[in-house]
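K.L.:
First the structure, then my questions, so here it is.
The values are calculated or read from the model by the stated rules, or taken from the named source; none is laboratory data. Source: prediction; values computed, not measured. Neighbour counts are summed over all protein chains in view; Cβ atoms, including those assigned to glycine, are modelled from backbone coordinates with ideal geometry. Note: accessible area is taken over every heavy atom of the protein model, side chains too, but ligands, DNA and RNA are not part of it. Shrake-Rupley method; radii C 1.70, N 1.55, O 1.52, S 1.80 Å.
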Amino acid sequence: MSQAASVIDELEHVLAAGSSDRRTEILRRVTDLYLGNAAGFNDEQVDLFDDVLAHLIKQVEITTLAELGAKLAPIDNAPHGIIRSLAHHDEIEVAGPVLARSPQLTDGDLVEIAGSKSQGHLGAITERTRLAAAVTDILIQRGDTGVVRKLSQNQGATFSDGGYVRLVERAETDEHLAENLGVRFDMPAQLMQDLILKATETVRARLLSAVSPDRQAVIQNILSSVSDKVLRKAAAPRNFSRAVALIDKMQSAGQLNEAAITEFAETGRYEELIAGLARVCAAPVELIERLMQNMRYDGILVACKAAELRWPTFNAILKARFAPYDLPVTDLTQARTDFLKLSVPTARRMLRF
């Protein structure tokens with residue numbers, strides 16, 4: 001008979017006629033014995049305690065389990081089986097301390113728990129000193145506002161590119177999250193630009209007052225770059241007479257088609273792009289120019305759809321359009337969804353209106 005089985009048999013005899021208080025007393029004594037000598041135990045001894053503790057916790061109160069979790073959570077070589085059992089417990093007062101602190105939990109354990117347990121469990125996981133991207137991905141996917149805000153403040157958390165994209169998307173409607181992301185040094189440059197450009201004036205002011213001087217310079221450079229683009233483009237004179245004459249000639253020769261529009265967009269021939277797009281959707285050049293200059297893509301989307309252009313062409317136009325700044329990465333997916341959803345008849349009615 002193994003040592004663990006022998007000890008458990010003895011416990012069975014002691015506990016058979018005992019009360020829950022007796023079981024709790026023994027659990028505490030065994031736990032204290034382990035904590036007092038944990039550093040000197042080998043793997044076999046740790047496994048023995050794992051088996052004994054697993055047997056003892058079967059019929060104890062929630063408060064006792066919570067006490068056990070709080071004691072074992074910071075121990076480097078705490079029994080892995082009992083730690084996993086406590087971490088999976090439905091009561092957050094039991095699972096919370098272990099989820100937040102125990103080094104015995106693997107990334108796989110955390111992903112499994114984050115994928116199925118409550119927001120309280122997810123919130124406890126966000127408190128860990130280190131979080132892998134695989135874990136933060138599921139926390140962002142399932143976490144509510146409170147969880148995601150706490151996660152964004154954890155400087156020991158690592159995020160995947162996709163995770164950061166989703167955080168920036170959520171930050172568009174959450175000023176607190178936007179502020180938390182703005183002070184992170186691991187934010188990808190393009191996503192930081194998207195975040196700053198979409199932030200409200202209040203959030204920008206708070207960021208500038210909260211971050212270090214070098215970080216302030218980064219934010220100011222982004223804002224200045226956008227302002228410079230606006231001023232240069234607003235002041236640039238545009239003469240469409242030659243472009244209109246070319247488009248008339250192409251139309252007469254049957255050469256004004258979607259391929260020509262795409263080529264104008266991809267080669268940066270702005271005047272020809274405006275004039276050609278105006279002709280294929282039967283709208284004034286001045287209207288198409290205003291739609292292209294608008295920061296929002298909604299209007300030019302309607303014009304392109306009314307002309308029955310396809311998504312690749314519209315995508316090329318988005319990249320070439322005369323806007324204050326390039327379309328943020330986080331908007332591309334939404335632009336494609338909006339474009340595919342809008343019908344040609346509806347777009348034509350909207351354009352006429």
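K.L.:
Answer yes or no as to whether residue 91 is open to solvent by 10 Å² or more (accessible area, probe 1.4 Å), among the acidic types (Asp, Glu) and either out of contact with any helix residue (DSSP H, G or I) (no Cβ under 8 Å at 6 or more places or on another chain) or modelled with pLDDT under 95 (or both).
P.N.:
no
K.L.:
May I ask you to list the residues in region 265-289 that are more than 15 Å from residue 313 (Cβ to Cβ) and either basic (Lys, Arg) or touching a Phe, Trp or Tyr at 6+ places or on another chain (Cβ under 6 Å) (or both)?
P.N.:
Those that are more than 15 Å from residue 313 (Cβ to Cβ) and either basic (Lys, Arg) or touching a Phe, Trp or Tyr at 6+ places or on another chain (Cβ under 6 Å) (or both): 271, 275, 285.
K.L.:
Under 6 Å between Cβ atoms, at least 6 apart or on separate chains: pull out the pairs that start in region 63-89 with a residue that is assigned to a helix (DSSP H, G or I) and end on any residue that is open to solvent by 50 Å² or more (accessible area, probe 1.4 Å) and not small (Gly, Ala, Ser).
P.N.:
66/93
K.L.:
If you scan region 334-349, which residues turn out to be more than 13 Å from residue 282 (Cα to Cα), surrounded by 13 or more Cβ atoms within 10 Å (Cβ to Cβ) and of a type in the set (A, V, I, L, M, F, W, C)?
P.N.:
Answer for region 334-349, where residues must be more than 13 Å from residue 282 (Cα to Cα), surrounded by 13 or more Cβ atoms within 10 Å (Cβ to Cβ) and of a type in the set (A, V, I, L, M, F, W, C): 335, 339, 342.
K.L.:
Only residues that are open to solvent by 30 Å² or more (accessible area, probe 1.4 Å), modelled with pLDDT of 95 or more and outside any helix (DSSP H, G or I): list them for region 130-159, please.
P.N.:
130, 144, 158, listed by residue number.
K.L.:
Any chance region 240-248 includes a residue that's surrounded by 12 or more Cβ atoms within 10 Å (Cβ to Cβ), at pLDDT below 80 and not in a helix (DSSP H, G or I)?
P.N.:
no
K.L.:
In addition: So, in region 160-173, how many residues would count as being open to solvent by 20 Å² or more (accessible area, probe 1.4 Å) and touching a residue at least 12 places away in the same chain (Cβ under 8 Å)?
P.N.:
Residues flagged as open to solvent by 20 Å² or more (accessible area, probe 1.4 Å) and touching a residue at least 12 places away in the same chain (Cβ under 8 Å) within region 160-173 amount to 8.
K.L.:
A follow-up question, please. Considering only residues that are of a type in the set (Lys, Arg) and either in contact with a Cys (Cβ under 6 Å, 6 or more places away or on another chain) or modelled with pLDDT of 85 or more (or both), look in region 26-65 and name the one that is surrounded by the most Cβ atoms within 10 Å (Cβ to Cβ).
P.N.:
28
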